[in-house]
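The structure under discussion appears below in the form of structure tokens.
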Amino acid sequence: MFTSVDDVSARLAEAGYLASRAVATTVFLADRLGKPLLVEGPAGVGKTELAKAVAEVAGARLVRLQCYEGVDESRALYEWNHAKQLLRISAGRDETWDEARTDIFSEEFLLTRPLLTAIRGDDPKVLLIDETDKADVEVEGLLLEVLSDFQVTVPELGTITATRRPFVVLTSNASRELSEALRRRCLFLHIGFPEEELERRIVRLKVPGLDETLARSVVRVVGTLRAMDLRKEPSVAETVDWAHTLLALGAESLDETVVRATLGVLLKHQDDVLKASAKLDLDAL
């Protein structure tokens with residue numbers, strides 16, 4: 001999909017994603033080596049958006065598996081349309097079981113889920129396995145099987161092998177440790193909070209109506225908040241939300257009144273709001 005690291009940076013920027021050199025390099029290598037990309041980092045730093053941007057610039061279809069506690073093979077891989085199968089059996093009462101079985105376990109009755117969808121067909125795809133750390137450990141075994149050979153065995157249909165491998169992105173907020181076996185199959189990328197200048201560029205890109213001086217002030221305040229011992233540090237997404245908020249309010253600069261009135265856009269816990277209100281000194285920024 002990409003010819004060089006600079007090509008990655010340029011094309012992702014066209015899609016509205018400003019990537020650091022480390023991000024662009026790892027994306028290029030994942031594409032060139034054909035390996036899944038495991039992206040870890042705090043919520044709201046652009047892990048999911050990276051997969052979306054890659055899909056956009058590559059003209060690929062985004063196939064997303066949203067992980068959660070309890071997600072299983074029937075939600076991740078495939079299942080049979082049991083209601084339709086029962087209707088088919090009822091409609092063919094005069095058939096033998098062997099005749100009915102051949103029909104009801106065919107493609108017509110197969111419900112493909114994200115993992116199987118991603119390896120079928122010749123069209124380019126980006127497979128996003130989002131918040132992998134929220135899935136049960138057992139699901140990692142399924143991921144290992146699929147990501148090792150990019151093939152799936154459906155007992156009634158046989159083995160389905162990818163004719164065109166998808167670009168795979170797994171994201172994790174590191175709420176639990178992923179297995180070493182899964183990590184070995186991936187290239188690893190950690191996305192943390194960006195440096196001040198990069199975050200300012202992101203804010204200016206996402207909120208073009210915001211004044212340059214105000215954008216710098218926004219990023220400095222957010223950086224100060226992240227340096228405090230908070231329950232949840234404000235993410236990049238929340239920085240952008242705050243910039244939109246200030247623009248909507250018509251704020252031309254940051255003063256104590258505006259900041260205190262809008263802290264709830266950045267901070268999501270009352271004790272964090274109280275701590276920030278007590279410690280934040282705008283005059284020192």
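The values are calculated or read from the model by the stated rules, or taken from the named source; none is laboratory data. If you're wondering where the values come from, they're calculated on a predicted model, not measured in any experiment. Every residue, glycine among them, receives a Cβ derived from its backbone with ideal geometry; neighbour counts consider all protein chains shown. Heads up: the accessible areas ignore ligands, DNA and RNA and are worked out on the full protein's heavy atoms, side chains in. Shrake-Rupley method; radii C 1.70, N 1.55, O 1.52, S 1.80 Å.
For the range 227-248, the tally of residues that are closer than 24 Å to T48 by Cα and open to solvent by 30 Å² or more (accessible area, probe 1.4 Å) stands at 7.
Of note, A118 satisfies the criterion of being of a type in the set (A, V, I, L, M, F, W, C) and either open to solvent by less than 60 Å² (accessible area, probe 1.4 Å) or in a loop (DSSP other than H, G, I, E, B) (or both).
Among residues of the range 65-94 that are over 17 Å from F105 (Cα atoms) and at pLDDT 90 or above, those with a beta-carbon under 8 Å from a residue that is open to solvent by less than 100 Å² (accessible area, probe 1.4 Å) and of a type in the set (S, T, N, Q) at least six positions away or on a different chain give the pairs C67/T132. Screening the range 262-277 for residues that are surrounded by 13 or more Cβ atoms within 10 Å (Cβ to Cβ) and among the hydrophobic types (A, V, I, L, M, F, W, C) and picking the one that is nearest to K232 (Cα to Cα) gives L267.
Here I160 passes the criteria (1) within 21 Å of L62 (Cα to Cα); (2) at pLDDT 95 or above except the one numbered (2). Selection over the range 124-169 of residues that are without any contact (Cβ under 8 Å) to a residue 60 or more places away in the chain, open to solvent by less than 50 Å² (accessible area, probe 1.4 Å), closer than 17 Å to L111 by Cα and among the aliphatic types (A, V, I, L, M) gives a count of 1. Tell me which residues, restricted to the range 167-200, are out of contact with any strand residue (DSSP E or B) (no Cβ under 7 Å at 6 or more places or on another chain) and farther than 16 Å from A22 by Cβ. Hits for the range 167-200 are N173, S175, R176, E177, S179, E180, A181, L182, R184, R185, E196, R200.
Taking the conditions exactly as written (modelled with pLDDT of 95 or more and closer than 21 Å to V39 by Cα), does H190 satisfy them or not? Can you show your working first?
Details: modelled with pLDDT of 95 or more: yes; closer than 21 Å to V39 by Cα: yes.
So H190 passes the test.
Listed residues A251, A215; which is surrounded by 17 or more Cβ atoms within 10 Å (Cβ to Cβ), aliphatic (A, V, I, L, M) and modelled with pLDDT under 95? Criteria check complete, one pass: A251.
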